[in-house]
Amino acid sequence: MRDETLNLLKSHRGICNEVWFCSEIGFPSLEAHAESASRMQEAAALFREAGFKTGIQIANTVGHADVFLETPGGDWQRMVGHDGTTALASHCPRAPGFLDYMRDMTTAYVRWQPSSLWIDDDLRMHQHSPVQYGCFCPSCIASFSEIQNREWTRESLVSALETPGGDLRAQWVEFGQESMAGVASVIASATHAAAPGCYIGLQHAGADWSLYGGRDWNPVFRAIREACPLPMGSRPGGGYYCDHSPRGVLWKALDLARQVRALPAEIQVVCPEIENFPHAAMGKTAHGTAIESAWYLAQSDCNSLSYALVCSGHEDASFYGSRLSVLEKWAPFFERYIRENEGTTPGGFDPVMGHEHLKRPARDKGTPMGWADPSVLSSYGFATLGLPMCPDGVTPCGAVLGAEAARGLTEAEARHLLSNAVILDGQALHALQERGWGDWTGVAAVPFGRGEFYFERFTDSALNGSHAGKIWQQFGFAGPSVGFRIESSQSAAHILGEYVEPTTQKVRGLATVAVETPLGGRLGVLGYNGFETNVSSARREQILSLADWVARGRLPVMVDTAAQVAVATRITACGRLRSVLLMNLTIDRTPPLSLKLRNIDGNTISLNHPPGSQDISLTARNSGDEWLVALPPMEPWSLAYLKIS
């Protein structure tokens, strides 16, 4: 497999500058690691001779799960879960024997002077099956008790962590971050001592998956930097390991964006995790992998790409070669995109998650440790309607707020949101009221009573365009979990939708409302199952018009055509639109597309359909602050790139 891989990469030399070898999986003896490192050194020499840099990935740190029982490691403390479960193949990150093992193992591998060392994303405190949340071993409990100057048991600590609002959760998360930082410090110190020219990279998942590791990885990066003064690398990831549900690429891209936004400034290499796990033919397609790559560059501020392609040997070399051939065709576009969008950041609406979100009351009070599940993904669905998104963006034009996010806001965050631009559903508005902030919104949400079945009828508001009188009905849904009547005493409120009783056609309250808030912001409320995205063309236009209204016409791009197209916008430091990447989310061609572009960074607009098409100069019509452009249909699961110059 070594020689096949080398020959494969030689034939696709233009798309690979570094090859990562992988340490032994599990926790075998140090002698086994030394033998593996010796073979790795021989292989690395061949790859270097061929002109490739050679790095190494530490395949497991704390341990992935109990599936790797053939090499369970030494006689030290295993990780203990919140429920008392003890893992067999995942380890307490503070155990002295385990840290000694990690130091010696790392030294054995880096003696052959790799160009980089990457710490695997199993360096986390959660999801080490059968342990869900760790480490609650006696040693960790004793250390935390000493810091707290209070005697904890596992049971009393888990119970206390269920209480929202205080600092205990944050302190326990910080304790876990320092546990991980200790492991990273050992690895980085051993690396720098034996291979001083090797830089360290960290593979990690984000807070969208779990808050148990905190909102960022700064404690771990800080430990790496203190042990090794070289520039660092980041490989953010988490999820989307096959493209059977291809829209998952949107959710992962937004997760990546939030992770990258939280990185310290010292990070120089940022390459997203792109994996076809378990690296088999029935997983991801080559075309889908290329689309995924481009979308991550557009959405998340990554500046390079990394692939786990040849990890299992399930397929022969021709299979992996076909993947590399497709990526080779796309590589010029990837490089062009990074170059032409240098100095820009993603623009659009920020799907909010507050910085003290873990302090909120847990959504499901019957689930221990439920507070660690952020549950903020409901608002991400608006990306499928063509709303550009920028989690934790630098200068978002507005925010999308879900109910769980509303429960996790600080007072200062709530005031900031309601002083600017926000769209939310009825549940989120109701959550703000429960927090005591209803007076800041200018409206109120009242849950439906049980057994009340209504639909929404669009009014003649200008924000509904030509859809006055249209009906939007959620078949099979009713009750307080879906519908909220919106009440407003403002004479200037925009009423976009009213609840109508099916049998009598009588109006039974307001469904969609846009208001100026008492704090000077703008608020748009979608009271009728607002985050549903399998909607009519009229509902889609209503949602986008509402977003643009609250943003005071600053939405960077509006796709006027009713098409299932996602957009990723890049904004300059001066707030101007540099480019738009569009993705057709369907298995059919789109209709011809009509777009409005705002505050563009130039007056020339060109269209490219990657990977290798020529730029087409578009005729754009200026209409005040907008430029109107028409695009030809997009092919299924394809991209279109609008460059402004």
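Test Glu4 against the stated conditions and say whether it is touching a residue at least 40 places away in the same chain (Cβ under 8 Å), closer than 17 Å to Cys311 by Cβ and in a loop (DSSP other than H, G, I, E, B). No, not satisfied.
Which members of the range 414-437 meet the condition of being in contact with a helix residue (DSSP H, G or I) (Cβ under 6 Å, 6 or more places away or on another chain), at pLDDT 95 or above and closer than 19 Å to Tyr528 by Cα?
Here is the first cut: in the range 414-437, the ones in contact with a helix residue (DSSP H, G or I) (Cβ under 6 Å, 6 or more places away or on another chain) are 418, 421, 423, 427-428, 431-432, 437.
Those still in the list that are at pLDDT 95 or above too: 418, 421, 423, 428, 431-432, 437.
Hits for the range 414-437 are Ile423, Ala428, Ala431, Leu432.
The criterion of at least 2 residues that are in contact with a Gly (Cβ under 6 Å, 6 or more places away or on another chain) and not hydrophobic (A, V, I, L, M, F, W, C) is met by none of the strands (runs of 3 or more DSSP E) wholly inside the range 412-502. Scanning the range 47-69 for residues that are hydrophobic (A, V, I, L, M, F, W, C) and assigned to a loop (DSSP other than H, G, I, E, B), which turns out farthest from Ala89 (Cα to Cα)? Residue satisfying both the conditions and the ranking: Ala50.
Any idea how many residues of the range 18-46 are among the small types (Gly, Ala, Ser) and part of a loop (DSSP other than H, G, I, E, B)? If you could, list the steps in order and put the result at the bottom.
Of the range 18-46, the ones among the small types (Gly, Ala, Ser) are 23, 26, 29, 32, 34, 36-38, 43-45.
This time we only want the ones that are part of a loop (DSSP other than H, G, I, E, B), so: 23, 26, 29.
Residues meeting the conditions: 3.
Of the residues that make up the range 449-462, is at least one aromatic (Phe, Trp, Tyr), within 22 Å of Leu401 (Cβ to Cβ) and assigned by TED's automatic domain parsing to the domain that holds Pro396? Within the range 449-462, none of the residues are aromatic (Phe, Trp, Tyr), within 22 Å of Leu401 (Cβ to Cβ) and assigned by TED's automatic domain parsing to the domain that holds Pro396. Filtering the range 250-273 to residues that are surrounded by 21 or more Cβ atoms within 10 Å (Cβ to Cβ) and closer than 21 Å to Pro636 by Cα leaves Leu250, Lys252, Ala253. Pairs linking a residue in the range 373-388 that is on the phi > 0 side of the Ramachandran plot to a residue that is assigned to a loop (DSSP other than H, G, I, E, B), with Cβ atoms under 7 Å and 6 or more positions apart or on different chains, are Ser375/Arg363.
Looking at the range 141-161, which of its residues are buried (at least 17 other Cβ atoms within 10 Å of the Cβ) and either in contact with a strand residue (DSSP E or B) (Cβ under 8 Å, 6 or more places away or on another chain) or closer than 23 Å to Glu356 by Cα (or both)? Within the range 141-161, Phe144, Arg154, Leu157, Val158, Leu161 meet the criteria. The residue of the range 477-517 that is modelled with the lowest pLDDT, among those that are farther than 21 Å from Ala462 by Cα and polar (S, T, N, Q), is Ser481.
Restricting attention to the range 556-574, the residues being outside any strand (DSSP E or B), in contact with a Ser or Thr (Cβ under 6 Å, 6 or more places away or on another chain) and under 21 Å from Thr604 (Cα atoms) number 3.
With respect to the conditions (1) more than 34 Å from the chain's Cα centre (by Cα); (2) surrounded by 15 or more Cβ atoms within 10 Å (Cβ to Cβ); (3) among the polar types (S, T, N, Q); (4) at pLDDT below 95, Asn7 lacks only one, and its number is (2).
Each residue in the range 99-132 was checked for being within 29 Å of Ser306 (Cα to Cα), not in a loop (DSSP other than H, G, I, E, B) and not β-branched (Val, Ile, Thr), and 15 of them qualify. Could you please find all residues in the range 508-546 being assigned to a strand (DSSP E or B), surrounded by 20 or more Cβ atoms within 10 Å (Cβ to Cβ) and small (Gly, Ala, Ser)? Of everything in the range 508-546, those that are assigned to a strand (DSSP E or B), surrounded by 20 or more Cβ atoms within 10 Å (Cβ to Cβ) and small (Gly, Ala, Ser) turn out to be Ala511, Ala514, Gly524.
Quick check on the range 620-635. Is at least one of its residues within 22 Å of Tyr296 (Cβ to Cβ), modelled with pLDDT of 95 or more and within 25 Å of the chain's Cα centre (by Cα)? Break it down into steps so the answer makes sense when it comes.
Filtering the range 620-635 down to residues within 22 Å of Tyr296 (Cβ to Cβ) leaves 634-635.
After this cut, where a residue has to be modelled with pLDDT of 95 or more as well, the list is 634-635.
Right, trim to within 25 Å of the chain's Cα centre (by Cα) and you get none.
The answer is no, given that none of the residues of the range 620-635 is within 22 Å of Tyr296 (Cβ to Cβ), modelled with pLDDT of 95 or more and within 25 Å of the chain's Cα centre (by Cα).
The lone criterion from (1) in contact with an Asp or Glu (Cβ under 6 Å, 6 or more places away or on another chain); (2) touching a residue at least 24 places away in the same chain (Cβ under 8 Å) left unmet by Leu88 is number (2). When restricted to residues that are crowded, with 22+ Cβ neighbours inside 10 Å and assigned to a loop (DSSP other than H, G, I, E, B), the range 165-208 contains 4.
Taking the range 381-407 as the search range and keeping residues that are within 14 Å of the chain's Cα centre (by Cα) and surrounded by fewer than 24 Cβ atoms within 10 Å (Cβ to Cβ), which one is nearest to Gly343 (Cα to Cα)? By that ranking, first place goes to Gly393.
Among the residues of the range 1-35, count how many are out of contact with any strand residue (DSSP E or B) (no Cβ under 9 Å at 6 or more places or on another chain) and either over 21 Å from Pro332 (Cβ atoms) or not assigned by TED's automatic domain parsing to the domain that holds Phe68 (or both). Qualifying residue count, the range 1-35: 15.
Which members of the range 304-313 meet the condition of being assigned to a loop (DSSP other than H, G, I, E, B) and either of a type in the set (D, E, K, R) or surrounded by 15 or more Cβ atoms within 10 Å (Cβ to Cβ) (or both)?
Ser304, Leu305, Leu309, Val310, Cys311
For the range 183-204, the count of residues that are touching an Asp or Glu at 6+ places or on another chain (Cβ under 6 Å), in contact (Cβ under 8 Å) with a residue 40 or more places away in the chain and under 25 Å from Phe98 (Cα atoms) is at least one.
If only residues of the range 431-472 that are aromatic (Phe, Trp, Tyr) and closer than 13 Å to Gln542 by Cβ are counted, the one that is surrounded by the most Cβ atoms within 10 Å (Cβ to Cβ) is Phe458. Within the range 92-99, one or more residues are over 18 Å from Ala193 (Cα atoms), aromatic (Phe, Trp, Tyr) and crowded, with 20+ Cβ neighbours inside 10 Å. Restricting attention to the range 323-378 and to residues that are in a loop (DSSP other than H, G, I, E, B) and either of a type in the set (A, V, I, L, M) or in contact with a strand residue (DSSP E or B) (Cβ under 6 Å, 6 or more places away or on another chain) (or both), the residue that is modelled with the lowest pLDDT turns out to be Ala362.
The values are calculated or read from the model by the stated rules, or taken from the named source; none is laboratory data. Keep in mind the model is a prediction, meaning the values are calculated, not measured. For neighbour counting, all protein chains shown are included, and Cβ atoms are generated from backbone atoms with ideal geometry for every residue, glycine included.
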